[in-house]
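The values are calculated or read from the model by the stated rules, or taken from the named source; none is laboratory data. The shown structure was predicted, so the numbers you read here are calculated from the model rather than taken from an experiment. Positions of Cβ are generated from backbone atoms using ideal geometry, with glycine treated the same way; all protein chains shown enter the neighbour counts. Ligands, DNA and RNA are stripped out before the accessible areas are found, and what is left, the full protein with its side chains, is counted by its heavy atoms. Shrake-Rupley method; radii C 1.70, N 1.55, O 1.52, S 1.80 Å.
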Amino acid sequence: IFSDVHNGTVTFLPLEESSEGKYQIKKCNIYQIQLAHIKDEEWSVSIVAPFPEDWFSDGIAYPKLAWLGNELLSKLTKWSVEQKPSEFKSTLSLISVAKYSKVYQDLKEKYKEIVKVWPEVTDPEKFVYEDVAIASYLLILWEEERKEKGLTKKQSFVDLGCGNGLLVHILNNEGHSGRGIDVRRRKIWDIYGPETHLEESTIVPGDSHLFPDTDWLIGNHSDELTPWIPVIAARSSYSCCYFVLPCCFFDFHGKYSRRQSKKTQYREYLDFVAQVGFVCGFHVEEDCLRIPSTKRVSLIGKNRTYPPTECARIDKQITQYINNRQTCAMLTCDRRVGFNHKDHSDGVCEEAGSELPANETETDSTVWLPGFQPREKVEQVRNCASLPRDFVDDVVLSVANLLLSAAPEKSCSNMHGGSTNTWNQGESLSLKEVAEHLNKETLKRLKSEYGGLQTLLKNNHQVFKVLNGRVHIRDWRKEKPSRKIKPEVKRRLSAEAFKTRLCWFFSHHPDGCSLPSESCPYAHGTEELRQSQVIKKKKHI
């Protein structure tokens, strides 16, 4: 990287190592960022690539030119002029950025092939490179810890809620003994091999899920386990540390409820998880990771604020805090929740269990919060897509008839072949008004699905349009074609889907379809139906 401050330019010359170990400049991928003063307070920033026609992009080390011009340039401009103070710490503030960059590039190159064989439905590029980045961060953090504490052995770990298990796979491969635990096995687990230690098991915070021989607990988007990880670490052993990367907002007993309106929900939740760490006796540090995610703030507890002799006091403090966090309903359920904790911290907290009533015995299966709800083992599809077709059809017909009969006098005129056609487009009703006309059994069934009635109506977008909480009959004559030029793949998909489903209006609307057959994307009768083709979207070429 050549920086010319006087002329306002930074030039990037990519070097590639040959098989003989010599470095050569990859001329086709040279680019330069230029800063120019126009007048007064006006400046311009630009990115120049001298050989754009030969530019090579692999999606790993070399970005696409379009990304440099569209994404990077706009971000540089924004960062250069914004003055608002950030509510988060600067990125990678706790480790060496130079070391991190080196480790990240090495790991990215080492594990890039996983992108090509990713069997999950999630985006491989996001998840693979995000886990590579988190692994890079942890490896540097742990290396620094070994230097600080004079350790020679690499740290052990347990990843609670490990998901796809890639982070565990990388850390195991890089010499750290450890395992990942998740309530649900993933397809990709079979790819890693026996050296990667992954377990399918439900984690319920309690004495049966303590890890006294583990150096670090990891919570990477661990959802309902996130606030519990500092607690589990504190009660596992005095030397156990933790790393959490909070994403979804959970309290000890369920979904997190906001208590302050002056902060963003994300900032407020991070402060809550940090407070849990403080209560558990950790000196909590915060850092921003360099990952492709909006939730990229990590919280780290690697040092204690109390001596080992005060472990019992901290344990009681944790118990009291958990109890105070619960709602009134939870408190009436069991006011003694959390006090039945059995100590597992190297014998320094033997008196921690002395608060147990005389008529209760302590067992290894003791849980700290009986109302805790772990994630379901089977991930249920609850977006109305799994509802029986005949049930969905009945609801669609009922709602359509309700809208059509709400204003029978209203109609639209449209010219088809010179003659005037009146077509009843019905009235719009609020979702509440629509729900009031459905029977209780139907509503009960819809409430068990995420989104309920609104989701079902939006799923049937051929018939309905839901805008600002109101339901309308869709008039296809008013549907404007997108101004955006569709990519070739999307145009082909649209063409292949043409006339592969029956037109609902042709079959059920009293005036038929508002469009002539040749203009309607749906089939007017079975004789127009084309055979549907199974179209697989290729995410990676």
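Tabulated values for the structure
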| item | result |
| --- | --- |
| Length gained when the stretch S3-L35 is fully extended (0.36 nm per residue, less Cα-Cα span) | 10.4 nm |
| Sorted peptide list for 223-230, 270-277, criterion being average Cβ within 10 angstrom, highest first | 223-230, 270-277 |
| Viscosity 1.306 mPa s, 10 °C: Kirkwood-radius Stokes-Einstein D of the range 155-253 over Cα pairs, µm²/s | 118 |
| Estimated inter-spin distance, S507 and N401, nm [label 7 Å along Cα→Cβ] | 1.6 |
| The range 2-81: C-alpha pair distances exceeding 15 Å, % | 64 |
| Pairwise label distance in nanometres, A98 with V121, each label 7 Å out on the Cα-Cβ vector | 4.7 |
| Under-5 Å amide H pairs with G178, H placed in peptide plane, nonlocal only | F157 |
| Where S19, S236 fall by accessible area, highest first, once all protein chains stay in place (1.4 Å) | S19, S236 |
| In Å², nearest 10: area of F51 left accessible to a 1.4 Å probe | 80 |
| DSSP beta bridges in the range 97-327 [antiparallel fraction, %, rounded to 5] | 40 |
| Cα convex hull volume per residue for the range 97-327 (Å³) | 133 |
| Label-point separation in nm, W476 to T422, each point 7 Å along Cα→Cβ | 2.3 |
| S19-E174 FRET efficiency (beta carbon distance; Förster radius 25 Å; 0.05 resolution) | 0.45 |
| Förster-model FRET efficiency, 41 Å R0, V48 and K89, C-beta, rounded to 0.05 | 0.80 |
| Isotropic mean projected area of the C-alpha convex hull, the range 42-165 (nm²) | 12.0 |
| Within-12-Å neighbourhood charge of L72 [Cβ basis; K, R +1; D, E -1] | +2 |
